[in-house]
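One structure is given here, and the rest of the page talks about it.
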Amino acid sequence: MRIVVVGGVAGGMSCAARARRLDESAEIIVLERGRHVSFANCGLPYYVGGEITDSASLLVQTPQSLRAALNLDVRTNHEVVAIDTARRTLSVHTPDGPTELGYDALVLSPGATPVRPPIAGIDSARVHTVRSVEDALALRERVLAGPADRAVVLGAGFIGLEVAEALAGQGLGVTVVELAEHVLPPLEREIAFHVTGELHRLGIALHTGVAATAIEPGERNDVVRLADGTALPAELVVLSVGVRPDTDFLTGSGIVLERGAIVVDEHGRTSEPSVWAVGDAVTSVHAVTQARRPVALAGPANRAGRLVADDIVRPGSARPITQPLGTAIVRVGEVTAAMTGGNRAELDRSGLPYTTLHLHPNQHAGYFPGARQLHLVLQVSPTDGRVLGAQAVGPDGIDKRIDVLATAIRAGLTVGDLIDLDLCYAPPYGQAKDAVNLAGMVGSNVLDGTLRLWYAEQVREVVDSALVLDVRTPAEIASGTLPGALTIPHTELRGRISEVRDEVIACLLYTSPSPRDGL
Ligand code: FAD
């Protein structure tokens, strides 16, 4: 059997490697358009910023090492330009000219390509993208050429902010422009807010809620024009406004696409026999909301690649590809933000009812040096208590909490189940009641009516209809409270309860970690 894989990085190479481990006799050919295979896309911003110093370490494997370890026939600089699914052949552009290649099983993992908005000047030589090793090398070279440069990053998504931090760390004056109203649009506003604060601390300027309308080339620098009239001179512009499936070469193949993404079933099979597809180029179904859209993340691509190999080599017994939760994480300066499952906008679109919980516990025991707050937002189903989504931001321990919550969502756990999770604890790492356990406790209180919540967006209604009682600590109260609020720290409340006995009360709650357990 000849298995041909198109795209030799995350999904494609996972598939090829697994296929070889399952079948020593198969002929496995990987066709890659670029110069490199198995490179560390996710590491590129850190090379630009100088944290990864050796570009060779971005190349996780080479065609030679893959031949030696797995007997894979890896052909770089080979671009598939058309597929004839009836004849089971590929048209390939190679360094030696065009050629045809037949297949028994074909796996498509062509990934995604940066979106290039149709604005004047987008093709300026000063505009860079960050998709390939060559892109990262070019950017690094540009950074090293002059420390006083000004850079504009278009797009404040995960990659845009990683690149912005990388450039700012190298001494460039960086401005980020984002069309959405806040950075990292998939994050809730209250989580993204902390990232914005960190960007300011890093000296990165921010323009949100505004589009770039033109890039005017100049002799010494370009000028990025924004819709609100702002002009941003820059020697370097980085384009990071999103990606789209790199599937133009499938035109005429008969393979069904949906808004440019390849439609696949739960085994990665496309509409055409013997053709599978994985990764950024395919349409996935969101595990919580059931929305159909591509998920451009490395984990789902790698896992799907492996499972497609199972389906090719062991048809009938392969496990289906799980629906992604969109679990993602980003570091910005000293802050980490992460998410999993549905956010409010996605849940609104899906029609699923949800209740939002906010928690602000410390990331580890309050008495242990370095204790700082993390901020956790959970979406839970008010009908069956299932956890639907979670996001967190803070100094550290964010990955652990979101990974636990991603596992909880995958397992269909309810918010009450979070109380019982037996999580590791010692003072440097967490609390005896971990943030995730606390989320379970708060969520259970909310769902069984022990605790009724009001939200910031209801503040006017609340102020008009109730006495706002601020029971936080004096230090927290000193940092600001609502106009007209009665401030009685909760430690004094029993003694002063007569002051509020007959009032309709809306509490402004204590938001610090739970008291020490003495453990
Ligand atoms: P890719 O890994 O992109 O591989 C596709 C390959 O196919 C490319 O090398 C391309 O040249 C080749 N190809 C395309 N068309 C053809 C053709 N016609 N013929 C031959 N070859 C072709 N994800 C995370 O989860 N965490 C991160 O921190 C993270 N950071 C990222 C940082 C950057 C800068 C980038 C660019 C991506 C990052 N991602 C991250 C996303 C992650 O890298 C992708 O989701 C993942 O690589 C997708 O795998 P894939 O196999 O679908 O595509």
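Coordinate-derived values only; no laboratory data. Just so it is clear, the model here is predicted, and its values are computed rather than measured. Using ideal geometry, Cβ is built from the backbone for each residue, glycine included, and neighbour counts are taken over all protein chains shown.
Some observations on this one:
- Loop-located trypsin sites (Lys or Arg not before Pro) in segment 80-134 (DSSP state not H, G, I, E or B) with no more than 10 neighbouring Cβ atoms inside 10 Å: R87.
- Only Lys, Arg (+1) and Asp, Glu (-1) charged, at Cβ; the chain dipole about Cα centre in debye: 520
- Per-selection Kirkwood Rh - segment 388-441 (Cα, Å, 1 d.p.): 11.3
- Among L325, N302, S350 - extreme Cα towards positive end, dipole of the chain, charges at beta-carbon: N302
- Quotient of the Cα radius of gyration of segment 73-184 and 2.2 N^0.38 Å, N being its number of residues: 1.45.
- Mean Cβ count within 10 Å, highest first, over the residues of peptides 348-355, 401-408, 25-32: 401-408, 25-32, 348-355
- Positive-end residue of A478, G412, P489, charge dipole of the chain with Cβ unit charges: G412
- Converting phi to 3J(HN,Hα) with the Karplus coefficients 6.51, -1.76 and 1.60 and the offset θ = phi - 60°, segment 291-297 yields 5, 9, 6, x, 10, 8, 9 Hz in sequence order, with x at every glycine or proline.
- Diffusion coefficient of segment 1-143 by Stokes-Einstein, Kirkwood radius over Cα pairs, 37 °C, 0.692 mPa s: 199 µm²/s.
- Cβ charges +1 (Lys, Arg) and -1 (Asp, Glu), total dipole of segment 93-250, debye: 440
- Mean shadow area of the chain over all directions, Cα convex hull, nm²: 28.5
- Amide H to amide H distances under 5 Å link T230 with no residue, where only residues 5 or more positions off or on other chains count and H is placed in the peptide plane.
- Candidates per GluC sites (Glu not before Pro) in segment 156-228, loop by DSSP, up to 13 other Cβ within 10 Å: E181, E219
- Between amide H atoms placed 1.01 Å from N, distances below 5 Å from L72 occur with R67, all of them 5 or more places distant or on a separate chain.
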